[in-house]
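Following: one structure in structure tokens, then a few remarks.
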Amino acid sequence: MALLCATPLAAQEYIVTEGPISDDDFYRLVSCSADPGEACRVPHVRWNKPVVTVTFAPIPVTYPVDLAQEMDRALDASIAQINAAAPGLTLRRLSKSEPADILLHLQPIRAGDAIRGTGHPEMDGFLIGAAHVQIFWDGGLNLTEADIVFAADIPLDQALPIMLEELTQSTGLMTDIRSQYYETRSVFSEDSNAILKLGAQDRAALRLHYPAD
């Protein structure tokens, strides 16, 4: 089945709001890029299987060792948080030698550099910030693959917030929110990389996207 691809800017888009919004509006904002009270601008896409696998691509020797170790820890912590929040989804980490649904690339590039070597023309050549996620889906709007690239100049204390945000976005919740209110409350904040735990509405969005069977 042919793969349909989200636009390369999908994970970088955001919607501006003021103050708190309802759980339903928050979910529709992050899942289908809808302004509060408005129609969806992109389709809902999700993994249509109970277990989704995750692993790192081979890590270049030029990637900072201390950051790679922090990313390794951040992945386990992020998987645990997402699994606890999404009753209909289980992320499972695999070893680097096994193929996985979600592939994490630690690249020896800095913010502002071009992504390279992922094998995806939708990603290679795109200028990265701290990280970039790309998702792929089929004609039934079921996710088939996700790739996440992380730069090499991410501050160590931001490894977990950035990993948590990008991994959560790889579940199909791709739109960020620009709002001062959510800078301390959501991993989807466009302007903050300080959130160490999924916020209440982040968890609610994951429950709505992946309800219990």
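Please treat every number below as a calculation from the coordinates, not as lab data. Since the model is a prediction, treat every value here as computed from it, not as a measurement. Cβ sites come from the backbone with ideal geometry, for glycine too, and all protein chains shown count toward neighbours.
For the chain, what does -39500 (n - 2.57) per DSSP helix run (n ≥ 4), summed and divided by total residues, give at 222 nm, in deg cm²/dmol to the nearest 500?
Working: 4 runs with 52 residues, N = 213.
About -7500 deg cm²/dmol.
Pairs of Cα atoms nearer than 8 Å and 6+ residues apart set the relative contact order; for region 48-114 it is 60 percent.
For region 28-77, run through the trypsin sites (Lys or Arg not before Pro) and keep only the ones in DSSP coil with at most 14 other Cβ atoms within 10 Å of their Cβ. Sites meeting the loop and neighbour criteria: 41.
Normalised Debye scattering of the chain at q = 0.09, 0.18 Å⁻¹ gives log10 I(q)/I(0) of -0.31, -1.39, counting only Cα atoms as equal scatterers and leaving out solvent.
Applying 1/(1 + (r/R0)^6) with R0 = 25 Å to the Cβ-Cβ distance of residue 66 and residue 191, what FRET efficiency is obtained, to the nearest 0.05? Taking R0 as 25 Å, the efficiency between residue 66 and residue 191 is 0.45.
Placing one equal scatterer on every Cα of region 1-126 and applying the Debye formula, the log10 ratio I(q)/I(0) at q = 0.14 Å⁻¹ is -0.87.
Phi angles of region 17-29 translate, via the Karplus equation with coefficients 6.51, -1.76, 1.60 and θ = phi - 60°, into HN-Hα couplings of 9, 10, x, x, 10, 5, 4, 5, 5, 5, 4, 5, 5 Hz per residue; Gly and Pro are given as x. Taking label points 7 Å from Cα along the Cα-to-Cβ direction, residue 40 and residue 178 give a separation of 2.4 nm.
Which peptide among 54-66, 99-111 comes first, and what is the full order, when sorted by highest mean count of other Cβ atoms within 10 Å?
On the way: 54-66: 14.1, 99-111: 19.0.
By packing density, highest mean first, the sequence is 99-111, 54-66.
With only Cα atoms counted, region 58-162 has Rg and Dmax values of 14.1, 41 Å.
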